[in-house]
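Structure, as structure tokens:
The values are calculated or read from the model by the stated rules, or taken from the named source; none is laboratory data. Owing to the predicted nature of the structure, the values given are computational and were not obtained by experimental measurement. No Cβ is skipped: glycine too gets one built from the backbone with ideal geometry, and neighbour counts run over all protein chains shown.
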Amino acid sequence: MASKTMSLDGISRKIFGEKYKEIIEWCIKREKPDKYNAIPKGRVANVYVIIEPLSRLIIRHEQETTDVTTIPTYLGISVPAILNTKFQSGAVRRQMLSLLHEWFDRNGKVKSEELKIDSYTCVMRPYMERTRERQIPEAFEGYCGECPNCLIFGYAVQEGAGYNVKSRVEGDMYVAPVPEDKCVISVTFNAIDDIAKTTYRPELPETRRRGALYEFRMIEVGTPFVGKLALRDMTIAELLLTLLALARTTRVGGRTTHFGEVKVHIPAILFSKYEIGGGYEVATRILGKGEYVEKALTLEDAMNEVTEYVKKFESQGILVLDRGLGDKLRGLTQEEVDTVVLQAWKDVLVLKESLDMFVGKLSKEKRKK
């Protein structure tokens, strides 16, 4: 156990640099089941994020017919935005699930001896209502409720089937501090006709034309989005695992088979007692300068602006400024990733048992009343 602790310390040092001991001390310690582990501890890691599109993006949300979601600002400028439901639930959480399944499939002996788990079928799928016509148990029923994905991002159960767990990752709106008319373009595509197998040819008579032209409004490559995630009450292993899933997220938005490739940068993390700042505030601060209304905002410009913005909160906690933090996370070796995953899984199993104890305690108190 000592060697594994040292290994986790070494990974923390590799990621956070000279402040790693302060951060380890700041993180939650959860060594054995205890009902008090279920009580919020007020530890918030404010993770400031820049999403850099490496290809054009289609960002649409529920009940929207447009291909790019835009929001107004008090400056009278509309800008593109990515809602957290699209990024956190649709991309980061899936990345963590993929990471966990890959680890589980490779580590048969470890999962049995260290975690006492023989099967793992956690997937992002809502529970389906059981009917009399379909009594056969399904192999995949949704969230398992006992893995890092479930105990970090939260899950809900059917009524009467237990208790829900709230997500300890709370997201922000990711805002592009660039006017809509400067970073959104319209692209026309030519669809193939299913019968004739030809594309649209405008020079032919109308009766002989096949296929169709259609258009997407898309966010141009290189348009930076700024935002923040609040990670609450995490152990050092849970923190590293969540940051790793965030850094490894590579696609977001619609039609990701063809579009939506991104690179996630983490220029700053503020370890504090409460949530501080947000993407909208950073974006309007940048737009308010007027400097980038005509001049293109580069990734380097966005990094500088986020760094300058976060520095004013330095007295509120432990501030880590490192533009290469995302690359450091992506550069972890397989052995280092395995160490993080195993310890994070152990930590959430302790939390799950602690939650069971806490809920059991509440149930007894209710029965007494």
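Here are the numbers:
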| quantity | calculated |
| --- | --- |
| Check on Lys295, surrounded by fewer than 17 Cβ atoms within 10 Å (Cβ to Cβ) and basic (Lys, Arg) | yes |
| Hits in segment 178-199 - residues which are surrounded by 12 or more Cβ atoms within 10 Å (Cβ to Cβ), charged (D, E, K, R) and modelled with pLDDT of 75 or more | Glu180, Lys182 |
| Test result for Val68, over 14 Å from the mean Cα position of the chain (by Cα), at pLDDT 95 or above and surrounded by 21 or more Cβ atoms within 10 Å (Cβ to Cβ) | no |
| Some residue of segment 30-43 being modelled with pLDDT under 95, surrounded by 10 or more Cβ atoms within 10 Å (Cβ to Cβ) and among the hydrophobic types (A, V, I, L, M, F, W, C) | yes |
| Answer from Thr249, Thr235 - the residue that is within 16 Å of the chain's Cα centre (by Cα), surrounded by fewer than 24 Cβ atoms within 10 Å (Cβ to Cβ) and under 28 Å from Leu342 (Cβ atoms) | Thr249 |
| Flag if Phe153 is modelled with pLDDT of 90 or more, surrounded by 19 or more Cβ atoms within 10 Å (Cβ to Cβ) and more than 30 Å from Met303 (Cβ to Cβ) | no |
| Pair list, Cβ under 6 Å, 6 or more apart: segment 215-235 residue on the phi < 0 side of the Ramachandran plot and part of a strand (DSSP E or B), other residue of a type in the set (Asp, Glu) and surrounded by fewer than 24 Cβ atoms within 10 Å (Cβ to Cβ) | Phe216/Asp67; Arg217/Asp67; Ala230/Glu170; Ala230/Glu275 |
| Options Arg323, Arg285, Arg330; residue that is in contact with a Pro (Cβ under 7 Å, 6 or more places away or on another chain) and charged (D, E, K, R) | Arg323 |
| Given (1) modelled with pLDDT under 90; (2) assigned to a helix (DSSP H, G or I); (3) surrounded by 14 or more Cβ atoms within 10 Å (Cβ to Cβ), index of the condition Val123 fails | (2) |
| Sole residue being at pLDDT 90 or above and β-branched (Val, Ile, Thr), chosen from Ile77, Ile24, Ile59 | Ile24 |
| Subset of segment 240-254 that is in a loop (DSSP other than H, G, I, E, B) and among the small types (Gly, Ala, Ser) - its residue that is nearest to Lys328 (Cα to Cα) | Gly253 |
| Residue in segment 333-351 that is in a loop (DSSP other than H, G, I, E, B), surrounded by 18 or more Cβ atoms within 10 Å (Cβ to Cβ) and out of contact with any Gly (no Cβ under 6 Å at 6 or more places or on another chain) present | no |
| Candidate set: segment 276-292, residues that are more than 13 Å from Leu229 (Cβ to Cβ) and among the aliphatic types (A, V, I, L, M); chosen: the one surrounded by the most Cβ atoms within 10 Å (Cβ to Cβ) | Ala283 |
| Lys273, sole failed condition from (1) within 30 Å of Leu342 (Cα to Cα); (2) crowded, with 16+ Cβ neighbours inside 10 Å | (2) |
